[in-house]
1. Give me the Debye-computed log₁₀ of I(q)/I(0) at q = 0.14, 0.15, 0.23, 0.24 Å⁻¹ for the stretch 2-69, equal point scatterers on Cα only, no solvent, two decimals.
2. Would you compute, from DSSP H runs of 4+ residues alone, the mean residue ellipticity of the chain at 222 nm, taking -39500 (n - 2.57) per run and dividing by the full residue count, rounded to the nearest 500?
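Read-outs: derived from the displayed coordinates by stated rules, not from any lab. Bear in mind the structure is a predicted one, so any value in this text is a computation, not a measurement.
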Amino acid sequence: MILRYARCLRGYTQAESAATYGIEERTLRRWENREFDPKWNDVISLVEDVYLLNILEVIGKINDDNEHND
């Protein structure tokens, strides 16, 4: 959820994100679809280094959105 949310905030496609991070697009797709769990370091690196977002702020925004949708 964090990866997809952050990617959409920045307007990246899965292909762009994967290429920038140096992984295959299908790997990112599997992470986003929760078919495989990425290492926490990969989540942090994608959010902070590729999407240039603060991981804690992204988590906070997800929590805020979930509270408003309940």
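1. Each listed q corresponds, in turn, to -0.38, -0.44, -1.00, -1.07.
2. -18500 deg cm²/dmol, from helical runs alone.
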